[in-house]
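Down below is the structure, laid out as structure tokens.
The values are calculated or read from the model by the stated rules, or taken from the named source; none is laboratory data. Just so it is clear, the structure is predicted and the values come from calculations on it, not from any experiment. Don't worry about glycine lacking a Cβ; one is built from the backbone with ideal geometry, like all the others, and counts go over all protein chains shown. Ligands, DNA and RNA are excluded from the accessible area calculation, which covers all protein heavy atoms including side chains. Shrake-Rupley method; radii C 1.70, N 1.55, O 1.52, S 1.80 Å.
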Amino acid sequence: MKAQLILLIAILGFGSLTFAQNNKVKMDDNDKKAEHLINRLLDSLLIPDFDQSARAVAQLTHKSSLNAERDNLNRDLLDFSFKKAHQNAQFYANPVKITRIQKTAVTAIGHSSNDSAEAGEERKYWIAKKPGVNGMPAPINVFFPSDGGHPKINYMGSL
């Protein structure tokens, strides 16, 4: 009974979650696009120069996470999530190894006041660390616009 309750909570609380089996995750076309995007993110994070790296990452990030000029990440991301991800990207497998995928309940992101509102869906991708590096996989959120536009990074804060 306890196991059934835990399973029910997991289904209700985590939505659709795909776990790795034998180090392979079943991926649809959007997941393959996301994998390519996350590989580009990791390559951009590995650029040694902080400012060059941030500008490269900004090109992959949803417009709601950019500064007013939309040529770089917003100040909060630069100071916190990006800074941490830039420091820690070296510890993750490159190319990325996706260990699980979760469809989230997000159906839109951004805000109408700065023209960044956009409908779509978001998925969370956990990426593994390099062999021999301790620690759990980190989630990267990718947003897929409903208009069929290119997917964009929406969260990288746990790298």
Relative packing of 87-97, 102-112, 52-62, which averages over residues the other C-beta atoms within 10 Å, highest first: 52-62, 87-97, 102-112
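Kindly report the accessible area of the chain per residue (heavy atoms of protein chains, probe 1.4 Å, no ligands, DNA or RNA), in Å². Intermediate results must be reported in sequence, preceding the final value.
Numbers: 9470 Å² over 159 residues.
With the other protein chains kept in place, the chain gives 60 Å² per residue.
What's the extension gain from ASN39 to ASN94 if we count 0.36 nm per residue and subtract their Cα-Cα distance? Spell out each step's value before the answer.
Numbers: separation 55, 0.36 × 55 = 19.80 nm, distance 0.72 nm.
Here the answer is 19.1 nm.
Rg/Rh for region 74-150 to two decimals, with Rh computed the Kirkwood way over all alpha-carbon pairs. Display every interim value, and only then the final one.
On the way: Rg = 14.8 Å, Rh = 14.3 Å.
A ratio of 1.04.
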Pairs of Cα atoms farther than 19 Å apart, region 105-159, %: 39
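Equivalent ellipsoid semi-axes for the chain, as square roots of 5 times the alpha carbon gyration tensor eigenvalues: give them largest first, rounded to whole Å.
Details: eigenvalues 138, 87, 38 Å².
Computed over the chain, the values are 26, 21, 14 Å.
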Region 64-159: GluC sites (Glu not before Pro) falling in loop per DSSP and having at most 13 other Cβ within 10 Å: GLU69
Cross-link pairs LYS124/LYS152; LYS83/LYS103; LYS24/LYS63 - those with Cα-Cα distance over 23 Å: LYS83/LYS103; LYS24/LYS63
Rg in Å to one decimal, and Dmax rounded to a whole Å, for region 40-92 via C-alpha atoms: 10.0, 32
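Given the -39500 (n - 2.57) contribution per DSSP H run of 4+ residues, what per-residue ellipticity at 222 nm results for the chain, rounded to the nearest 500 deg cm²/dmol? Display every interim value, and only then the final one.
Working: 5 runs with 52 residues, N = 159.
So the helix-based figure for the chain works out to -9500 deg cm²/dmol.
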Binned Cα-Cα distances of region 17-105, short to long, each 10 Å bin given as a whole percent: 16, 42, 32, 9, 0
Gap separating the Cα centres of region 117-159 and region 75-94, nearest whole Å: 13
